[in-house]
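First up is the structure itself, then whatever we jot down about it.
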Amino acid sequence: MRPSYDFLVVGAGLYGATFARHCRDAGKKVLVVDKREHVAGNCYDVVTEGIPVAKYGPHFFHCPDKGTWDFVNRFSAFNDVRAKPRVNYQGRIFSFPINLMTLHQLWGVCTPAEAEQKLAEVRLDIPRPKNFEDFILSRVGREIYEVFFEGYTTKQWGRHPSQLPAAIAKRIPVRLTFDENYFPDTHVYQGVPVGGYTRMFDNMLDGIEVQLGVDYLKERQRLSKMAKTILYTGPLDALYKCRHGKLEYRSLRFETERKQGDFQGTTVVNYTDVNVPFTRITEWKHKFKIDAEHTFVTREFPAEYEDTGEAYYPINNDLNTALHRKYRQMADADGMLVGGRAADYQYYDMNMVIPAATRLAERVLGVGRGTFGV
C-alpha cells in the first residue's frame, strides 16, 4: 500500500500541532492522530458558562522572541494576563515568586540592600548543594525554605526535597526588586488566548486532517503504513512496551467547582503547607479577564502516575535519564522522529516547544532556518 500522507503526527499537543502546521504550510499532506477525544494536549479547555475551564491545569503563554509570539497570534488574539501567583501558608498570603515584596512581608525589609543583608544572615553555608533542600537553604535560608518550598515540593513530587536533585530548584527565581511576574522580564510577550487554548489549537490545525480517539500504539501497524514519515510525541517507554522498564512520572488530579462571586481575587494561589492536600487553586475567570457573577475554581492534587494514567512531570534522576536515553536510541535506530515534553522526557514551557518543533520541521522539509519566522 502506497502512503496516503507525507506525514503522520502522533499527538495533537503543542509540539505535534506546530510541526503539522509548518508541514501543511509547506504544501505537505498531513494526518494528526491523538488517543484523547480532543486536540490541544494538556492545554485543553472547555468554555463553560462563558468561562474557559482547563482540564489539565493552567497554562500561561510567554516567550522572549517576536517570531514565536507572531506565530501563536496567527491563531488567536491574546490578552495581557501575566502569571503572578500568590502563596497561602497557614493562612498568611505572600507574593510569589520570591521578590522584594515577599521579603518585606516576611521581614519588613524595604530596599534591595536591606534584603541582601538579611539574606546574607540567614543563608546556610553549603558550598556544594547536593539536592533541592541544600540548594534552597544555601540561597535563602531555612524560614523561606519552610514557608515556600518544603511542604509544596514534598506534595508535588511525593518525596522530601532532600531526595530531589538541585537542578529542579535552580529554575525558581529570587528577585531583589518588586517584580512579581513569575516569568523573567526578558519574556516580554505574555498572555493567554482570548476564548481559550482549544480554540487556538482548532485554528492551528485548520485544513489538516485530525483523527481523535485513535491510539497509535494499538494501531501502529496500520497507521505506520499511511505516511512516509512519522513524528511521535508520546512517552518513549510506551512506544516500546516498556521493554527495559517504565519511566517514572508524577501526575495530578483535579477537582473543579462552580462558585458565586469572586473566590480568591486572583488566578492562582499556591498552598505550601504540607498538611493541605492540594498544591494550588486556579480561578479561571481571572485568567481570561472575564467579568461574571459566577466563577469556576480548580483544586490541584498531586498524584501517583499509576493512579491517574496522565504523565505530567518527569522524574529526571540518573536512573530515569539513562533509561530514556536507551529508548531514544531505539527510536533513532528505527528512523522515528520524536519530540515534545513526553518524548524528550523533559519539562518544557510552551515557548521552548514551538521553536523546537519548528527546527525539526525545517530540517525534515529541507528548508533554511528561519523559513517559518520562528
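Laboratory data are not the source of any read-out in this text; all were calculated from the coordinates shown. None of the values given here were measured: they were computed from a predicted structure. Note that each Cβ is placed from the backbone with ideal geometry, even for glycine, and that neighbours are counted across all protein chains shown.
Arrange E248, E255 by Cβ neighbour counts within 10 Å, fewest through most, would you?
Numbers: E248 19, E255 11.
Going from sparsest to densest Cβ surroundings: E255, E248.
Which shape class, rounded, prolate or oblate, goes with region 277-374 when its Cα gyration tensor gives a ≥ b ≥ c as root eigenvalues, a/c under 1.5 marks rounded, and past that a/b bigger than b/c marks prolate? Please report the intermediate quantities before stating the final value.
On the way: a/c = 3.59, a/b = 1.40, b/c = 2.56.
Since a/c reaches 1.5 but b/c is at least a/b, the shape of region 277-374 is classed as oblate.
Can you check what the net charge comes to around P277, using other residues whose Cβ is under 9 Å from the Cβ of P277 (Lys, Arg +1; Asp, Glu -1)? Please list the in-between numbers first.
Working: positive: K155, R299; negative: none.
Around P277, the surrounding residues sum to +2.
Which of the aspartates and glutamates could be linked to K118 by a straight reach, that is with a Cα gap under 13 Å, when you skip same-chain ones fewer than 8 residues away?
Hits, sequence-local ones excluded: E143.
Quick one: 3J(HN,Hα) in Hz for region 339-356, Karplus 6.51/-1.76/1.60 with θ = phi - 60°, rounded, Gly and Pro as x.
x, x, 4, 6, 5, 8, 6, 9, 8, 9, 7, 4, 5, 8, 5, 4, x, 5
Could you point to the residue in H286, P302, N270 farthest towards the positive end of region 249-308's charge dipole, with +1 and -1 charges on the Cβ of Lys/Arg and Asp/Glu respectively?
Of the candidates, H286 comes out farthest on the positive side.
Apply the Karplus curve 6.51 cos²θ - 1.76 cosθ + 1.60, θ = phi - 60°, to the phi angles in region 320-325 and return the couplings in whole Hz, x for Gly and Pro.
5, 5, 5, 5, 5, 4
With contacts defined as alpha carbon pairs under 8 Å and 6 or more residues apart, what's the relative contact order of region 193-316 in percent?
Working: 150 pairs, mean separation 34.5, N = 124.
Averaging sequence separation for qualifying contacts and normalising by length gives 28 percent for region 193-316.
Neighbouring Cβ atoms within 10 Å as the yardstick, rank M226, M204, M350 fewest first. The partial results should precede the final answer.
Working: M226 16, M204 23, M350 20.
Least to most surrounded, the residues fall as M226, M350, M204.
Using the Karplus curve 6.51 cos²θ - 1.76 cosθ + 1.60 with θ = phi - 60°, what ³J(HN,Hα) values do you get for each residue of region 360-369, in whole Hz, with x for Gly and Pro?
Ordered by residue, 3J(HN,Hα) equals 5, 4, 4, 5, 5, 7, x, 10, x, 5 Hz.
With an 8 Å cut-off on Cα pairs and a minimum separation of 6 or more residues, tell me the relative contact order of region 98-171 in percent. Numbers along the way, then the final one.
Values: 75 pairs, mean separation 20.4, N = 74.
For region 98-171, the relative contact order is 28 percent.
Which whole-number percent gives the relative contact order of the chain, counting Cα pairs below 8 Å spaced six or more residues apart?
Values: 713 pairs, mean separation 97.0, N = 374.
For the chain, the relative contact order is 26 percent.
As a check on your grasp of the helix formula, calculate [θ] at 222 nm for the chain: sum -39500 (n - 2.57) over DSSP H runs of n ≥ 4, divide by the residue count, round to the nearest 500.
Details: 14 runs with 120 residues, N = 374.
Theoretical 222 nm ellipticity from helices: -9000 deg cm²/dmol.
What is the set of long-range amide H partners of E209 at a cut-off below 5 Å, with H atoms built 1.01 Å from backbone N?
Correct list: V30, V32.
Under 1.5 on a/c is rounded, so check that first for region 107-251, then, if it is not, pick prolate when a/b is larger than b/c and oblate when it is not; a ≥ b ≥ c are the square roots of the alpha carbon gyration tensor eigenvalues.
Working: a/c = 3.68, a/b = 1.82, b/c = 2.02.
Because a/c hits 1.5 or more and a/b fails to exceed b/c, region 107-251 counts as oblate.
Within straight cross-link reach of K326, meaning Cα distance under 20 Å, which lysines are found once same-chain residues fewer than 8 apart are removed?
Filter leaves K241, K246.
Over 26 Å between C-alpha atoms is what I'm after, so list which of K55/K130; K170/K259; K29/K218 land there.
Details: K55/K130 36 Å; K170/K259 37 Å; K29/K218 23 Å.
Beyond 26 Å: K55/K130; K170/K259.
For Cα extents along the principal axes in Å, the listed values are [x] 96, 58, 38; [y] 57, 57, 43; [z] 72, 48, 41; which was obtained by calculation from the structure presented?
Here the calculated entry is [z].
What residues qualify as long-range amide H neighbours of L164, i.e. H under 5 Å apart, gap of 5 or more or another chain, H built at 1.01 Å from N?
Residues meeting the criterion, in which the H sits 1.01 Å from N, are F132, E133.
Please compute the length gained on full extension between K326 and R258, using 0.36 nm multiplied by the number of residues separating them and subtracting their Cα-Cα distance. Show your work: numbers first, answer last.
On the way: separation 68, 0.36 × 68 = 24.48 nm, distance 4.56 nm.
Going from the current span to full extension adds 19.9 nm.
Using a Gaussian network for the chain with springs between C-alpha atoms less than 10 Å apart, which of these wobbles most: Y189, Y240, Y56?
Result: Y240 has the largest fluctuation of those listed.
How would you rank R2, R250, R243, going from fewest to most other Cβ atoms within 10 Å of each one's own Cβ?
Lowest count first: R2, R243, R250.
Using amide H atoms built 1.01 Å from N in the peptide plane, name the residues 5+ places from Y5, or on other chains, whose amide H lies under 5 Å from its own.
Those lying under 5 Å, H to H, from Y5 are A227, K228.
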